[in-house]
Amino acid sequence: MKKKSLIFQLFVALFIILQCLITFLGFLTYKYAESVIQKEVIQLNSNMLQQIAIRINQELKDVEVLASRIAYDTSIIDSLKKSSGGESVNKDQIQKIEGIMAGYIWSYRSTAMLIDGHLIDNRGNNYSTSYSMSSNQDADLDTYAKSLEAGKDSIILPMKSYEKATGGYNYYFQLVRKVEAYISKQTYGLLLLNVNEKLLCDNYIRLTNEEKDFFIVDQNGVIISHKDKNKINKKLNNFNKTNDLNNLNNYYLNEDKLFIFQPISDYGWYIVESVSLQSAMLPLKKVELFLITFGLLCIILTAGVLNVVAKKIAKPLDLLAGKMTEFNKGNLSIQIPDSNYKEFSEISITFNELIQRVNYLLEENINNERQKRLLELDFLQAQINPHFIYNTLSSIRFYVEMGKNTEAEEMLYHFSKLLRRVLSRGEEFIQLKDEIKHLEDYIALQKMRYAKAFTVVFLLEEATLNALIPSFILQPIIENAIFYGLQANRLIEIKVEAQLDNNDLYITISDNGIGISPEEINEIFNKEVQMNKVGILNVHERIKILCGVGYGLTIKENQPQGSKIVLKLRYYA
């Protein structure tokens, strides 16, 4: 399958990334513009609604003032005192109270907005300014008394309709006020002022058009004032007081409409403006057109710039690819010329250094393999040292001549196992537990030769038994310990310990013999490796080759006497 050009893929990737970035930035710009325009629309309309709310609030305050004047009128209070004292109410008294009420109502600056008023005393007598309306008025004092909240002098009852009224007088709301003495606060009845809904509607009706609609809702979302009277007492769709009216933004979106609201102080009402989103966000169309045009120009410009850059990148990359092809074919003498561009100059320098490093490593590997083969040959010779074989066979012959066939048989058994392992193994690494088995055969042979001259103790952590180590590296160390231990003319204890530390394997062989002097240690490590000379240095060099720099063998003095040899190996499991 034909492979695609890296430059082409890079071009496409960068083009897609840049276009995604441009699109994302355009989207953010669009959303930001939308947010700014929406905030401006909301702020502008909120200011207007605030003015309307202030006017409506003042209208309601004026009605409350009128109600207070009637409720505190001393002539009315005096007449009601007589009634509450048990005197019967005569026609003149009724006409007097109703006349006073009518005078106050007619003095109100917008008389047409007040339909009528009713005063209900404590005995249930109803005093009305409009006989036509009194039949529609409930004179149950307790019903209205319960409607007044504790601590309030007046309340506004929900919107009502009057079927006999015509035109703009279909709906009205009631302001209920306690009639009481100003000083003693003695209550003598309730005052009900029926106020036409037109009082509210006239404050916003001239602002209503096809794109904007205004209305008033109570705290439950029920419409109490609207240009379309059929919507009064209907609940606003998807209205939620907690989420919509008490939030900090004083607006919410519902389908294609933006609803902005402003509280009317002290009454729990809200003046609401419904604005068509399409008309409100009309300036956003211009922003959208600008962003689309700008995005298309960016796409064209980006494609042109990337094309030029891709061609500049392609030339040195093609050169690098050609040189790497030659390198892959085995040409290790190639060099990449320096480039004017910093990045490609660094690549060419690194590539040339890599070629030099490869040549150096190849040569070093050849030398290491040559040295490794010499060490292995030398090491194998050590395992089957003719002197060791001669001494072992002589001991076996001696046991036979002495008639100690059992001892001769045991010695021959261990010797054959030792030779089989030495001659049959070809692995560079074996498990520690297998190396210990080989060592046990060697120790058994030496014990039979030197009787009770030494003991060997193994202290191996369980986790180290399966660790892989270079083969046959412990026998030369044990042989060295036995050799120097025999010179002490006493029982020598040799300890073999193994433990793990930070992914490294440490094998320690210690004894309590005569020890190794510093001069002898220096002589061991300064001695050149010869084909016919093996031992501790051979083990040290093999570990360094197989495990790497930082690994090998160290010799220390053992306290209070003897020597300690520590092998540090890379842990392989």
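Numbers for the structure displayed
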quantity	calculated
Conditions (1) among the charged types (D, E, K, R); (2) at pLDDT below 85; (3) crowded, with 17+ Cβ neighbours inside 10 Å: number failed by residue 495	(2)
Restricting region 400-434 to residues that are in a loop (DSSP other than H, G, I, E, B) and not small (Gly, Ala, Ser), the residue that is nearest to residue 372 (Cα to Cα)	428
Any chance residue 397 is outside the structural domain of residue 484 (by TED's automatic domain parsing), surrounded by fewer than 16 Cβ atoms within 10 Å (Cβ to Cβ), modelled with pLDDT under 80 and assigned to a helix (DSSP H, G or I)	no
When residues of region 209-232 are limited to those that are over 49 Å from the mean Cα position of the chain (by Cα) and over 23 Å from residue 177 (Cβ atoms), the one surrounded by the most Cβ atoms within 10 Å (Cβ to Cβ)	226
Matching residues, region 266-275, being surrounded by 13 or more Cβ atoms within 10 Å (Cβ to Cβ) and either of a type in the set (Asp, Glu) or at pLDDT below 80 (or both)	267, 273
Meets criteria (surrounded by fewer than 13 Cβ atoms within 10 Å (Cβ to Cβ), under 30 Å from residue 176 (Cβ atoms) and not aromatic (Phe, Trp, Tyr)) for residue 43	no
Subset of region 62-81 [β-branched (Val, Ile, Thr), within 23 Å of residue 123 (Cβ to Cβ) and surrounded by fewer than 18 Cβ atoms within 10 Å (Cβ to Cβ)]	74
Residue check, residue 455 polar (S, T, N, Q) and more than 60 Å from the chain's Cα centre (by Cα)	yes
Test: residue in region 84-97 that is within 16 Å of residue 174 (Cβ to Cβ) and either at pLDDT below 85 or surrounded by 21 or more Cβ atoms within 10 Å (Cβ to Cβ) (or both)	no
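The values are calculated or read from the model by the stated rules, or taken from the named source; none is laboratory data. Everything quoted here is computed from the prediction, not taken from an experiment. Methodologically, a virtual Cβ is constructed for each residue, glycine included, from the backbone with ideal geometry; neighbour enumeration extends over all protein chains shown.
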